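A.B. asks: Below you'll find the structure I mean.
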Amino acid sequence: MSDPQVGFVTMAGPRATGQAPDIGIGMLGYAFMGKAHVNALKKIPYMMYPPVAIPRLVAIAGRKEDAVKEAARRYGFDKSYTDWHQLINDPGVQVFDNCAPNNVHLEPNIAAAQAGKQIISEKPLGRNAEECKQMWDAVKKAGVKHQVAFNYRFVPAVRLVKELIRQGKLGRIYHFRATYLQEWIADPDFGMVWRLDASVAGSGTIGDLGSHIIDLARYLIGEPKSVIARTETFIPERKGETGKMEKVTVDDAFQAIVEYENGAVGTLEASRFCPGRKNYNTFEINAEHGSIRFNLEALNELEVFWKHGAVDKDTMGFTKVLVSESYHPFWSNWWPQGHFIGWEHTFVHELNHFLDAVVNNKPVTPDGPDFEDGYKNAVICDAILASARDRKQVDINY
C-alpha cells in the first residue's frame, strides 16, 4: 500500500510483523559518490539494526549505456536507464538519490520533487545560490523530504562536538578555523576534468571542498555575517581529452576571513594544491572554557583542552580523546571501543538519518542538512567568489 504523506510503498503488514518497510531507491550517477552511497545503503539493514527501512535498489541512471549497465550489475540494481526522466518516472522509486555532477542537480531534483519523490542530493546542492533556491522552492511546494549529503555532520567526533556546544560546555565561542586541503591536481600535467569547468562544477575548490567546511561552520558555530576572501587559479590551462589545452575556469584555492552573527570570528581555507595532504579536513574551535580540534584524517579522535580541567598545572595541554565508546554518537551500532570506523561509515549514518526522516515523518534538520541549508551554503560560496572578484567585504544575505 502507498502512504501519500511520505511516498513509499510498504510491505504487507510491516507494522504488525515488526519488519521494516522496503523503500525503493533510484540513483543518478554511479562513480565515486554512487559507490559510497550504495555501500552505505547495503550496510543499513544489518548494521543500523533494527533498521528503519530496507533500501531496495530499484534503478540506476547514467549517460553511457554500457557503463550504467555494468554499474547496475556491480551494485545490484534491478534496472538501468540512460535517461534520468525514466528513473524518476519509475513507480518503484520512492527515494531519488542524486550522485551526479553538479550540473545535473537542478533539473532532476526539481523533476523528482514534482513527481513526489523524496530526495537526497550530493553537495554542493547547485552551481550557485540561484539554482539552489529553485530546488528549495520545488521541494517545499511538493512537500517531500529533502537532504543534502554533507556527510561530515555524521562523523561521530563532529557530532560529539555539536553536543558539547549544545550543552553549553564550551561557553562563548571566539574562533572557528577550518581548512580542507588535498593534493590531487597539483601536478601541472594532470588533465582537464569536469571539476575544473565552471559550466559543470559552478566553482572549484570553493564548491568541492569549501562547501563542506562552510556547512560545518554553520552547523557548529552559526550563521556568518560577512566574508573577505581571496581566490587563486594556479594553472590556467589543462590538457583535455582531445589533447588540446583547455582553460581552467574555476578557483584552485581560496582563503576567507569570516565574521559570525554571534560575535565569533574565523578563517576558512581550501586548496587542491597541497602536496602531502590527502584529505586534510580540519577545524579548531577556541572558546570561553577551552578548545577543540578535529582532523578528518584521524576521524575517530578529538584533541580537547579544558581551561579548568587539568589535574596538574605542569602537564596542562591538549588531550587526545578517542571517540569510540558505545555512548558516543552513532557508536551503539558498531564495534567495541577502539575498533575504528572510517570515512565510508559517515554515509551509513547520513542515509539512515534520511530514511528515518522519510519513513517516520521526522524532520531532517537540525542535525541533517536540508535544501535550505544547501541554499544558504551556496549563498556563502557565492559571497566568497564575489569578495575575491571585487576585492571587498561582502555581507551575507539570504
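A.B. asks: What spacing in nm lies between the two simple spin-label points modelled at His308 and Lys42, each 7 Å away from Cα in the Cβ direction?
C.D. replies: 5.2
A.B. asks: Springs between alpha-carbon pairs under 10 angstrom, Gaussian network model over the chain: which of Val358, Val193, Val227 fluctuates most?
C.D. replies: Judging by the Gaussian network model, the answer is Val193.
A.B. asks: Consider all pairwise Cα distances in the range 14-151 and report the whole-number % of them above 22 Å.
C.D. replies: Details: 3344 of 9453 pairs.
Value for the range 14-151: 35 percent of Cα pairs lie more than 22 Å apart.
A.B. asks: Build a GNM of the chain with springs between Cα atoms under 10 Å: which of Asp252, Asp90, Asp215 gets the top mean-square fluctuation?
C.D. replies: Fluctuation is largest for Asp90.
A.B. asks: For the range 106-156 and the range 261-293, what is the separation of their Cα centres, given in Å?
C.D. replies: Going from one Cα centre to the other spans 27 Å.
A.B. asks: Pairs of alpha-carbon atoms within less than 8 angstrom and 6+ residues apart define the contacts here; what relative contact order does the range 232-388 have, in percent?
C.D. replies: Values: 152 pairs, mean separation 14.9, N = 157.
The value is 9 percent.
A.B. asks: Separate question: For the range 383-398, what does the Karplus curve 6.51 cos²θ - 1.76 cosθ + 1.60, with θ = phi - 60°, yield as ³J(HN,Hα) per residue in whole Hz, taken in order and with x for Gly and Pro?
C.D. replies: Residue by residue, the range 383-398 yields 5, 4, 4, 5, 5, 5, 5, 9, 6, 7, 6, 10, 7, 8, 10, 8 Hz.
A.B. asks: Whose amide H sits under 5 Å from the amide H of Lys145, counting only residues 5 or more places off or on another chain, with H placed in the peptide plane?
C.D. replies: Ile119
A.B. asks: In the range 192-260, which trypsin sites (Lys or Arg not before Pro) are in a loop and have at most 14 other Cβ atoms within 10 Å, using DSSP for the loop call? Before the final figure, lay out each step's value.
C.D. replies: Numbers: sites: Arg195, Arg218, Lys225, Arg230, Arg238, Lys239, Lys244, Lys247; in loops: Lys244.
Sites meeting the loop and neighbour criteria: Lys244.
A.B. asks: Also, quick follow-up: Taking only DSSP H segments of four or more residues, each worth -39500 (n - 2.57), what value at 222 nm results for the chain once the sum is divided by all its residues, to the nearest 500 deg cm²/dmol? Can you show the working numbers first?
C.D. replies: Details: 11 runs with 120 residues, N = 398.
Rounded to the nearest 500, the figure is -9000 deg cm²/dmol.
A.B. asks: Can you work out the Karplus-derived ³J(HN,Hα) for every residue in the range 223-230? Use 6.51 cos²θ - 1.76 cosθ + 1.60 with θ = phi - 60°, whole Hz, and x for glycine or proline.
C.D. replies: Working through the residues one at a time gives 6, x, 9, 7, 9, 10, 9, 9 Hz.
A.B. asks: Within the range 22-38, which residues have the backbone N less than 20 Å from the label spot 7 Å out from Tyr49 along Cα→beta-carbon, could you tell me?
C.D. replies: The answer is 22-23, whose backbone nitrogens lie closer than 20 Å to the label point.
A.B. asks: If you take every DSSP beta bridge fully contained in the chain, what fraction is antiparallel? Give it as a percent rounded to 5. If you can, show how the numbers build up before the last one.
C.D. replies: Details: 43 of 72 bridges.
If I count the DSSP bridges inside the chain, around 60 percent turn out antiparallel.
A.B. asks: Let me ask something additional. Check Gly290: other-chain or 5+ apart residues with amide H under 5 Å from its amide H, H built from backbone geometry?
C.D. replies: When sequence neighbours closer than 5 places are left aside, the close amide H contacts are Lys307.
A.B. asks: What are the trypsin sites (Lys or Arg not before Pro) within the range 336-398 that DSSP puts in a loop, where the Cβ has at most 14 other Cβ atoms within 10 Å?
C.D. replies: Working: sites: Lys376, Arg389, Arg391, Lys392; in loops: Arg391, Lys392.
Those that pass, being in a loop and sparsely packed, are Arg391, Lys392.
A.B. asks: With an 8 Å cut-off on Cα pairs and a minimum separation of 6 or more residues, tell me the relative contact order of the range 222-306 in percent.
C.D. replies: Values: 131 pairs, mean separation 17.6, N = 85.
Taking the mean separation of contacting Cα pairs over the length of the range 222-306, I get 21 percent.
A.B. asks: Run the quick spin-label model on Lys244 and Val200: label points 7 Å from Cα toward the beta carbon, then report their separation in nm to one decimal.
C.D. replies: 1.6
A.B. asks: Further, regarding this structure: Which entries of Lys79/Lys117; Lys35/Lys162; Lys42/Lys376; Lys123/Lys169; Lys69/Lys244; Lys133/Lys392 have Cα-Cα distances beyond 22 Å here?
C.D. replies: Numbers: Lys79/Lys117 18 Å; Lys35/Lys162 28 Å; Lys42/Lys376 31 Å; Lys123/Lys169 31 Å; Lys69/Lys244 31 Å; Lys133/Lys392 25 Å.
Cα-Cα > 22 Å for Lys35/Lys162; Lys42/Lys376; Lys123/Lys169; Lys69/Lys244; Lys133/Lys392; rest within.
A.B. asks: Spin-label point model (7 Å from Cα, Cβ direction): what's the Arg166 to Tyr327 distance in nm?
C.D. replies: Distance between the two pseudo-spin positions: 1.6 nm.
A.B. asks: Under 14 Å from the 7 Å Cα→Cβ point of Lys225, by amide nitrogen: which residues of the range 255-269?
C.D. replies: What the label zone holds, given the 14 Å backbone N cut-off, is 258-266.
A.B. asks: Another one. Mean projection of the alpha-carbon convex hull of the chain over all orientations, in nm²?
C.D. replies: Values: hull surface 84.2 nm².
Taking the Cα atoms of the chain, their convex hull projects to 21.0 nm² on average.
A.B. asks: Also: Can you work out the Karplus-derived ³J(HN,Hα) for every residue in the range 233-248? Use 6.51 cos²θ - 1.76 cosθ + 1.60 with θ = phi - 60°, whole Hz, and x for glycine or proline.
C.D. replies: 10, 7, 10, x, 9, 9, 6, x, 4, 7, x, 7, 6, 10, 6, 7
Each value in this text was obtained by applying a stated rule to the coordinates, not by laboratory testing. Predicted, not measured: the structure shown is a model, and the values here were computed from it. So basically every Cβ, Gly included, is an ideal-geometry build from the backbone, and we count neighbours across all protein chains shown.
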